[in-house]
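Following: one structure in structure tokens, then a few remarks.
The values are calculated or read from the model by the stated rules, or taken from the named source; none is laboratory data. Keep in mind it's a predicted model, so treat the numbers as computed, not measured. Cβ placement follows ideal geometry from the backbone for every residue including glycine, while neighbour counts extend to all protein chains displayed.
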Amino acid sequence: MAWFFLLFTLVFLEANPFKIDFPVVEELSNEDYFNAQAKLHAINIDSLLEQLYPHHWTHSKYYKAKSPKEIFRGRLYKSLNQVLTHPAENKFPQAGLLKINGGGDRCIVLFCSYDKSYPDMLKNVISNLKEIGYNGFIWYRIGGYPNPTGVEIQYAGVPYAFKIFMIEEAFKLGFRFVLWLDSAMIPIRNPDPLFDLIKKEGALIKEIGPQNDYILPSTLDEIERLTGVNVLKYKHIRMSIFGLDREAHFVPLFLKAYREMVYLGTPFFSNLPEEYVITALKQIYFPNLPTAKVLLQGPTYFSARQKGFFFVNKHH
């Protein structure tokens, strides 16, 4: 995909509005996180959002009491305002590799900031995975930020970029089959069979219909200019669950392209930031991969258990 990298090189001259000036350090100290957090919290993207937001847009059912621009603003600031560390409350970055039941060559990755009740939700996911008989490892982070090559901390403000970085950390730990789960996902069925699907297909994805309402026109145009893909013409990848096989032929190219989109930052300027980016890249690197033909995520806890879903998403 030489044309993709040519376009990337040309656009890279523009500044990433989410990037912080920070040294490349792979092993980050508490002081590093504190300093990075201060830089993240100092970033203001209001003027850019004002410039890019189409003021003729009208309300839709999705937005309810808030204006669309307010919701865009909240999503875009989510990573900028995240709590990586809070020494005053004795909250410091935690990371751990847990062997669950029999272990194996598979790994589930989890990450959350210290915002809201996310740490408790993440711990509940771990407890549930133990109880339902999952056999594998869990690589998790509470606070801090995944930093597999040392440069990712500079891009911690890019909205929701961390999920793929967590997968890359698990690859670096030696795992071949890796599954990302949102901390809001409640496991209700042993996910071991999902790793068989990752091994068979090279990836595990959850797709829904095109999502027209949550992307700025400028972001839609930029992603198409970079990738040749209009994401509104394809099924949309949801990132509450996402799996990769490190040895699948397309994975290295996909990870490289994703990282370069993160370096730009502006392709993530939407309400579903990482999802639109990965939806586009899927059409380049694994266009024929089908959505998982299993019951991944149910609507409510009781109906999901009855019908045999693997997970239910906790509203938060």
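What's the total number of residues in segment 130-166 that are part of a loop (DSSP other than H, G, I, E, B) and among the aliphatic types (A, V, I, L, M)?
Counting residues in segment 130-166 that are part of a loop (DSSP other than H, G, I, E, B) and among the aliphatic types (A, V, I, L, M) gives 5.
Is it the case that segment 230-237 has a residue that's closer than 30 Å to T149 by Cα, modelled with pLDDT of 95 or more and among the basic types (K, R)?
So far as segment 230-237 goes, no, none of its residues is closer than 30 Å to T149 by Cα, modelled with pLDDT of 95 or more and among the basic types (K, R).
Just for segment 269-303: of the residues that are in contact (Cβ under 8 Å) with a residue 40 or more places away in the chain and β-branched (V, I, T), which one is farthest from Y258 (Cα to Cα)?
V294
Regarding segment 238-246, can at least one residue be identified that is in contact with a strand residue (DSSP E or B) (Cβ under 9 Å, 6 or more places away or on another chain), under 23 Å from L49 (Cα atoms) and at pLDDT 95 or above?
no
Hey, can you tell me all the residues within segment 167-187 that are hydrophobic (A, V, I, L, M, F, W, C), outside any strand (DSSP E or B) and within 10 Å of C107 (Cβ to Cβ)?
Selection gives I167, A170, F171, L173, F175.
Which ones in segment 101-115 are modelled with pLDDT under 95 and surrounded by fewer than 16 Cβ atoms within 10 Å (Cβ to Cβ)?
N101, G102, G103, D105
Give the residue that is modelled with the lowest pLDDT, with candidates limited to residues of segment 30-55 that are in a loop (DSSP other than H, G, I, E, B) and loosely packed, with under 11 Cβ neighbours inside 10 Å.
Here the answer is H55.
Quick test for you: out of T85, T9, T58, pick the one residue that is under 22 Å from P267 (Cα atoms) and either modelled with pLDDT of 95 or more or of a type outside the set (G, A, S) (or both).
Just a single option satisfies the conditions, and that option is T9.
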